[in-house]
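What follows is a short report on a single structure.
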Amino acid sequence: MHEIIILIVALAILFDISNGWNDSANAIATVVSTRVLSPMKAVLLAAFMNIAGAFVSTGVAKTIGKGIVDPKIIANQPEVIASALIAGFLWNGMMTLFGMPVSASHALIGGLMGGVIAYGGFSILNTAGLMKIFAALLTSPVIGIFFGYFFMKLLIRFFCNISPGTLNKHFGRLQLVSAGFMAFSHGSNDAQKAMGVITLALVSGGYLQTLEVPFWVILSCGLAMGLGTAVGGWRVIKTLGHQMLKLQPVHGFAAETSATAVILGASVLGLPVSTTHVISTSIMGVGATKRLTAVRWGVAGKIVIAWIFTLPMCFAIAWLSYHIIVKILR
């Protein structure tokens, strides 16, 4: 038991690194594509703010820890959690290499569901908790596209008499702030998912009595997220920042600010959301204010397909991983 708990912590750290590697695009794709910051400076800013965001709260971690399965049901079954982390890590890494932004939330939740069902069947899933989680995951991208669209419309109305050059000069400075807060909000939500899994493993293994997240778990996950972001998923950054929509600083500011508002709001409420989905749909909303054809919907469609496949693929990988782990250990 002791050895596999250590393995789970290590896998969770690797999952967080892969999460930051793929999701680095969420925070810096727009600020790099608008040339407000060099790629290296943008990555360092995002890494620092991701670590800071991890210390905001632990509400999302607790939701992950108890929202999918009761820790008591999988007591002494750390293989369930290990299989989920293996699935999430493999999927995040593979999609990053392909340049596709994916949801680490969907990957982890799909993995946990696959591991739980492989162990005890559908009946042990926390249906009420899953409904709450899926409601947040499904509505946040819709809110993101509307926030992006209407916030950009508001900016156009207020600054319609200012020349594009002057406008982009000032919003270039503001985008430094919005990119920093976007990275901060990413850390506040995404880093907590691995925290929740580690805490769930510690409770199921009898090392903790409650789902209160220990400080060392918060620190480890925050640093891992920052490290993954510092590596930089350049192919994903290119997809989000260049291929989907041609962005100016004012557009980047609008997309980042809209996405930050949605993600921080979810973090305060303890709801896990996909930061990838939210920033991507915010960019789509901002682009739609120019004209619908301004968004390269072919690229957007490929991103959406990757989103759709994330949960079922991670479910299947985790289900298979659980049975392999059990065979090896027993």
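Observations
- Inside region 123-162, residues that are among the polar types (S, T, N, Q) and in a loop (DSSP other than H, G, I, E, B) make up a count of 2.
- For region 98-122, filtering for residues that are touching a Lys or Arg at 6+ places or on another chain (Cβ under 7 Å) and in a helix (DSSP H, G or I) leaves 3.
- Pairs linking a residue in region 63-86 that is part of a helix (DSSP H, G or I) to a residue that is at pLDDT below 85 and among the polar types (S, T, N, Q), with Cβ atoms under 7 Å and 6 or more positions apart or on different chains, are P78/S204.
- Count of residues meeting criterion [at pLDDT 85 or above and either within 21 Å of V177 (Cα to Cα) or in a loop (DSSP other than H, G, I, E, B) (or both)] in region 224-249: 0
- Some residue of region 66-76 being within 27 Å of I308 (Cβ to Cβ) and touching a Ser or Thr at 6+ places or on another chain (Cβ under 7 Å): no
- Selection of region 299-312 for residues being in contact with a Phe, Trp or Tyr (Cβ under 9 Å, 6 or more places away or on another chain) and either over 17 Å from L137 (Cα atoms) or not hydrophobic (A, V, I, L, M, F, W, C) (or both) yields only T310.
- Some residue of region 185-196 being out of contact with any Cys (no Cβ under 9 Å at 6 or more places or on another chain) and of a type in the set (A, V, I, L, M): no
- Residue count for region 172-223, restricted to those that are among the small types (G, A, S), crowded, with 20+ Cβ neighbours inside 10 Å and not in a helix (DSSP H, G or I): 1
- Cβ-Cβ under 7 Å pairs, at least 6 apart or on other chains, region 102-129 side in contact (Cβ under 8 Å) with a residue 60 or more places away in the chain and buried (at least 24 other Cβ atoms within 10 Å of the Cβ), far side of a type in the set (V, I, T) and in a loop (DSSP other than H, G, I, E, B): S105/V273; I109/I68; L112/I68
The values are calculated or read from the model by the stated rules, or taken from the named source; none is laboratory data. Because the structure is a prediction, the values reported are computed rather than measured. A quick note on method: Cβ atoms are made from the backbone with ideal geometry, for glycine too, and the neighbour counts reach across all protein chains shown.
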